[in-house]
1. Determine which member of the set Leu75, Leu42 is modelled with pLDDT of 95 or more, among the aliphatic types (A, V, I, L, M) and under 24 Å from Lys100 (Cβ atoms).
2. State all residues of the range 63-103 that are closer than 16 Å to Lys35 by Cβ and open to solvent by less than 30 Å² (accessible area, probe 1.4 Å); if no residue qualifies, say none.
3. What are the residue pairs meeting all of these: first residue in the range 57-69, first residue free of Cβ contacts under 8 Å to residues at least 24 places away in the same chain and β-branched (Val, Ile, Thr), second residue open to solvent by less than 90 Å² (accessible area, probe 1.4 Å) and part of a helix (DSSP H, G or I), Cβ atoms under 8 Å, and 6 or more apart or on different chains?
4. Residue by residue through the range 68-117, note down the ones that are under 18 Å from Asp40 (Cα atoms) and either in contact with a Pro (Cβ under 7 Å, 6 or more places away or on another chain) or of a type in the set (Phe, Trp, Tyr) (or both).
5. Of these, Glu60, Glu56, which one is open to solvent by 50 Å² or more (accessible area, probe 1.4 Å), more than 14 Å from the chain's Cα centre (by Cα) and within 18 Å of Leu89 (Cα to Cα)?
6. How many residues are under 21 Å from Val70 (Cβ atoms), of a type outside the set (Phe, Trp, Tyr) and either touching a helix residue (DSSP H, G or I) at 6+ places or on another chain (Cβ under 9 Å) or surrounded by fewer than 13 Cβ atoms within 10 Å (Cβ to Cβ) (or both) when one looks only at the range 24-45?
Amino acid sequence: MFLIPLNKINLTFCGMMGSGKSIIAKKIAKIIDFKHIDTDKLIEEKMGKSISKIFENEGEKRFREIEEAVISKILNKKNFVISLGGGSLINKKIRDIIKKNSFNIYLDVSINKLKNRLAASQNRPL
């Protein structure tokens, strides 16, 4: 497996919201026979509400605290392809764990493409 020589146990995808992290990560996980986790979906399941509602009711600071706890736990598991939330890399603790044990791929998408993809979005905290 390509991650072994790199001393990595997971594969993470990061990028702006709408960049395709979840779609691509899910496909890659299937190909390399890893489990897939979308951290935004996991947070929504754990909290019982959408990320937009968490932002609205509890604020971004609280969301980032929840995000750090959830992602930190996931990043220490093994053989996962992880779709990270669009803003998760602003957190130094998350970045440090990724550097330590994950091979991270940044999906770079043009502003125009993101604008088109997100134009009709109703469930993202823009």
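1. Values: Leu75 fails: modelled with pLDDT of 95 or more.
Sole residue among the options that is modelled with pLDDT of 95 or more, among the aliphatic types (A, V, I, L, M) and under 24 Å from Lys100 (Cβ atoms): Leu42.
2. Matches in the range 63-103: Val70, Ile71, Ile74, Leu75, Phe80, Val81, Ile82, Ser83, Leu84, Asn101, Ser102.
3. Close Cβ pairs (under 8 Å, with a partner that is open to solvent by less than 90 Å² (accessible area, probe 1.4 Å) and part of a helix (DSSP H, G or I)) amount to Ile66/Ile43; Ile66/Met47; Ile66/Ile54.
4. Selection gives Phe80, Tyr106.
5. From the options Glu60, Glu56, the qualifying one is Glu60.
6. Count: 11.
The values are calculated or read from the model by the stated rules, or taken from the named source; none is laboratory data. Keep in mind the model is a prediction, meaning the values are calculated, not measured. Note that we place each Cβ from the backbone using ideal geometry, even for glycine, and neighbour counts take in every protein chain shown. Heavy atoms of the whole protein, side chains included, go into the accessibility calculation; ligands, DNA and RNA do not. Shrake-Rupley method; radii C 1.70, N 1.55, O 1.52, S 1.80 Å.
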